[in-house]
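One structure below.
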Amino acid sequence: PDDTFGHLMGQALAQALHEADLNAAGIHFHGSGMAALNTLVREVADYADRRGPIDAEIRKAREAGDRKRAAELARSPIPPPPFDALLLADTGETLAEITSLLAYYDAGPPEVRLLGPTLWARPAAHAGAALHGAAWYAAPDPAARSRFVSAYSGKYGGPPPALADLAYDAAALGHVYLHHGGRQALTAPEGYLGADGPLALMPDGTVRRGLAVFDTAGHLVAPAPSRIGEAGS
């Protein structure tokens, strides 16, 4: 989406690919409304160039009076899109519209792996998109958070609200800053074990977290790393 969150996702993707020495991604932004989405998805999927040669052969067969050949060509699959993974920053109704367009232009699963933000950890964020577990997202590993939930519930008599995780980590890092070496200790490359698993404050002001990968059916695809610096962090 052409909004603050969408642009932050685009910047993060570009930076991650650069750091991993991978090819740059094509990054596109869309406005609201089905017309804008349809135009962008068709363009990104390169549908005209993929479908064009087949349509040309169909026209030739029809002009030659070969209806059987034309029918066979009409049923033939088109070549795959020029990408095998697509990172989306959308949720809700817009995500449902995009995924339906991707299917229409033969640019969705299973040929293309759909990837999304941690927001997809809430089933309501992708409920209408009919992803059926075909998309992946990164999110905190519940196994790591269970320790924090247990300690919080034991002290306060109920599970913590979502923001409690951030408050706990902020307080813990404040303690580190005051008692264990100031800024240098805060940006220790090995990081710390936070409420949701390992995290590290980077010298450039960003945060690196150890997250697990899930599919949109809620199944664990890859567990979170046990410390920063391992694969997956």
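The values are calculated or read from the model by the stated rules, or taken from the named source; none is laboratory data. Computed from a predicted structure; not experimentally measured. Methodologically, a virtual Cβ is constructed for each residue, glycine included, from the backbone with ideal geometry; neighbour enumeration extends over all protein chains shown. These area figures cover heavy atoms from the full protein model, side chains too; ligands, DNA and RNA do not enter into them. Shrake-Rupley method; radii C 1.70, N 1.55, O 1.52, S 1.80 Å.
What to note about this one:
- Residues (small (Gly, Ala, Ser), open to solvent by less than 60 Å² (accessible area, probe 1.4 Å) and in a helix (DSSP H, G or I)) located in region 22-47: Ala36
- Leu86 vs. criteria in contact with a Phe, Trp or Tyr (Cβ under 9 Å, 6 or more places away or on another chain), under 20 Å from Gly116 (Cβ atoms) and not hydroxyl-bearing (Ser, Thr, Tyr): no
- Taking region 113-135 as the range and being hydrophobic (A, V, I, L, M, F, W, C), under 22 Å from Leu211 (Cβ atoms) and either part of a loop (DSSP other than H, G, I, E, B) or open to solvent by less than 70 Å² (accessible area, probe 1.4 Å) (or both) as the test, the residues that pass are Leu114, Leu115, Trp120, Ala121, Ala125, Ala129, Leu131, Ala134, Ala135.
- Residue pairs meeting the criteria (Cβ under 6 Å; at least 6 apart or on separate chains; first closer than 14 Å to Asp90 by Cα, in region 7-33; second of a type in the set (Asp, Glu)): Phe29/Asp2; Gly31/Asp2
- Yes/no for Ala107 being of a type in the set (Gly, Ala, Ser) and closer than 26 Å to Phe5 by Cα: yes
- Identity of the residue in region 50-95, at pLDDT 85 or above and among the hydroxyl-bearing types (Ser, Thr, Tyr), that ends up nearest to Ala12 (Cα to Cα): Thr91
- Search result, residues across region 99-112 that are within 18 Å of Gly26 (Cβ to Cβ) and either surrounded by 22 or more Cβ atoms within 10 Å (Cβ to Cβ) or in contact (Cβ under 8 Å) with a residue 60 or more places away in the chain (or both): Leu101, Leu102, Tyr105, Asp106, Ala107, Gly108
- Residue count, region 81-126 (criterion: of a type in the set (Ser, Thr, Tyr) and either touching a Ser or Thr at 6+ places or on another chain (Cβ under 7 Å) or more than 15 Å from Tyr47 (Cβ to Cβ) (or both)): 4
- Some residue of region 140-155 being among the basic types (Lys, Arg), more than 13 Å from the chain's Cα centre (by Cα), modelled with pLDDT of 90 or more and exposed (fewer than 12 other Cβ atoms within 10 Å of the Cβ): yes
- Checked against (1) without any contact (Cβ under 8 Å) to a residue 40 or more places away in the chain; (2) over 30 Å from Thr94 (Cβ atoms); (3) aliphatic (A, V, I, L, M), Ala144 meets all criteria but (1).
- Out of Ala96, Ala45, Ala61, sole residue that is in contact with a Leu (Cβ under 8 Å, 6 or more places away or on another chain), hydrophobic (A, V, I, L, M, F, W, C) and in contact (Cβ under 8 Å) with a residue 24 or more places away in the chain: Ala45
- Screening region 200-215 for residues that are of a type in the set (D, E, K, R) and without any contact (Cβ under 8 Å) to a residue 60 or more places away in the chain and picking the one that is surrounded by the most Cβ atoms within 10 Å (Cβ to Cβ) gives Arg208.
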